1. Counting only residues that are among the small types (Gly, Ala, Ser), surrounded by fewer than 17 Cβ atoms within 10 Å (Cβ to Cβ) and under 13 Å from PRO26 (Cβ atoms), which one in region 60-96 is modelled with the lowest pLDDT?
2. Out of everything in region 9-67 that is in contact with a strand residue (DSSP E or B) (Cβ under 7 Å, 6 or more places away or on another chain) and among the hydroxyl-bearing types (Ser, Thr, Tyr), what residue ends up being farthest from VAL236 (Cα to Cα)?
3. Residues to consider are ILE94, ILE70; find the one that is assigned to a strand (DSSP E or B) and not assigned by TED's automatic domain parsing to the domain that holds GLN239.
4. Would you please name the residue that is surrounded by the fewest Cβ atoms within 10 Å (Cβ to Cβ), looking only at residues in region 314-325 that are over 23 Å from the mean Cα position of the chain (by Cα) and closer than 20 Å to ALA272 by Cβ?
5. Which one of the conditions (1) under 18 Å from the mean Cα position of the chain (by Cα); (2) in a loop (DSSP other than H, G, I, E, B); (3) under 29 Å from ARG83 (Cβ atoms) does GLN184 fail to meet, given that it meets all the rest?
6. Only one of these conditions is not met by ILE210: (1) more than 18 Å from ALA233 (Cβ to Cβ); (2) touching a Gly at 6+ places or on another chain (Cβ under 6 Å); (3) among the β-branched types (Val, Ile, Thr). Which number is it?
7. Tell me yes or no: at least one residue of region 259-266 is at pLDDT 95 or above, of a type outside the set (Lys, Arg), part of a strand (DSSP E or B) and in contact with a strand residue (DSSP E or B) (Cβ under 9 Å, 6 or more places away or on another chain).
8. Looking at ASN118, ASN132 in this structure, which one is within 20 Å of LYS16 (Cα to Cα), surrounded by fewer than 21 Cβ atoms within 10 Å (Cβ to Cβ) and modelled with pLDDT of 95 or more?
Amino acid sequence: MSCCKAIYSNALITMKIGIIAHLKHPIAAPFAGGLEAFTHQITRTLIAYGHEVLLFASSSSDATLPLVPILSDQDYDSRTGIRIKRRDLPSEYIAEHHAYHRLMSEIDSYNLDIVFNNSLHYIPITMANVINTPVLTVLHTPPFYELGLAIHAERTKPVVEYVTVSDQNAVNWKDYIPDCRVIQNGIPLDKWKSYTDPSADRYAVWFGRIHPDKGLHLAIEAAKLAGIKLKVAGRVADQRYFGERIAPILDDSITLLGLQEQPALNKLIGNACVCLVTPCWQEPFGLVVAEALACGTPVAGFKMGALPELITKDIGILVDYPDCYALAAAIHEAMKMDRNLIGSYARTKFELKVMMAQYEDLMTSIIAKTQKSNYTIA
């Protein structure tokens, strides 16, 4: 393990950090989802702060990052976000299993101070007790079968430190990890322009992965009830859902724009009268909320997951899931809100530097607790 240089009074630590990424999509813009955006941003920021970072991700991730490819993207279709299945290749599930197993088998050889695990995979958890490098795992989702089993087993002899992104997601995990630490997500606010007025071309916006969990079909229904056009930005992440629930209800009032680069997305959201956020599951955070508010755009959505933690009565309206009539009324009410107030709120609530300071402090404390003898005081 490498030596860290620390000035404890200022909590200024130089660390060698290995970030394990989710392998469903490359860590590259335009981002397939919030987890890819989070991983990219935290990698870049840690480097900017002077830390030595390695990003363990799939091969077509951003080449400007310190990438260590652990899974080939040769069969990844960037248009659909799906890995092409071939007869002579293992399933995506097995390929990811082997990629993470191989990485964890050799992770100590990288002489890292800490592993920052964002993978959502069971292997980094199940193998954490056979490596020497301390592991911090961020729980970006509510519990699901494989990850829940892995964490339940790991907790019998704890070696992993956990953090999650909202109070609600800490509640979701309480049966596995009582009192899980919470660090709310932040975004690079300097990249998000706030719009004080929407476009004269009155429309609502919905953006994100087109997947059953995200509830686009409900947003479309509510927009039609409200009599407002809806512009949709995002990749189809579930073709069956799109074919069965979305395609049949499309008409001239709905515009599908596909995946958008950040500058275009900023303009699209900022010019909208309202942003619809319609989760059908216990949304663990909702980066779309932070990004919409940073654009000065009010939110109308469902009281699901962490959304009530993020949205106050002055910046958006949340209604009971899945009441589309109430959501349609909320659209009209949200459109009246003060966009200057909304933009200001976002800049106090979702500051990236605040999030990063908490992660740095947490990683510092983990290293100090597990490997005090490896520290050199500057």
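The values are calculated or read from the model by the stated rules, or taken from the named source; none is laboratory data. Just so you know, these numbers come straight off a predicted model, no measurement behind them. When we count neighbours, we look across all protein chains shown, and the Cβ atoms used for this are built from the backbone with ideal geometry, even at glycine.
1. Of everything passing the filter in region 60-96, SER78 is modelled with the lowest pLDDT.
2. Filtering first and then ranking leaves THR14.
3. Numbers: ILE94 fails: assigned to a strand (DSSP E or B).
Exactly one of ILE94, ILE70 is assigned to a strand (DSSP E or B) and not assigned by TED's automatic domain parsing to the domain that holds GLN239, namely ILE70.
4. Applying the first criterion (over 23 Å from the mean Cα position of the chain (by Cα)) to region 314-325 yields 314, 319-320, 322-325.
Subset that is closer than 20 Å to ALA272 by Cβ: 314, 319, 324.
Values: ASP314: 11, VAL319: 18, CYS324: 22.
In this case the residue turns out to be ASP314.
5. (3)
6. Evaluating ILE210 over (1) more than 18 Å from ALA233 (Cβ to Cβ); (2) touching a Gly at 6+ places or on another chain (Cβ under 6 Å); (3) among the β-branched types (Val, Ile, Thr) leaves (1) as the failure.
7. Scanning region 259-266, I find no residue that is at pLDDT 95 or above, of a type outside the set (Lys, Arg), part of a strand (DSSP E or B) and in contact with a strand residue (DSSP E or B) (Cβ under 9 Å, 6 or more places away or on another chain), so the answer is no.
8. Numbers: ASN118 fails: surrounded by fewer than 21 Cβ atoms within 10 Å (Cβ to Cβ).
Checking each option against the conditions leaves just ASN132.
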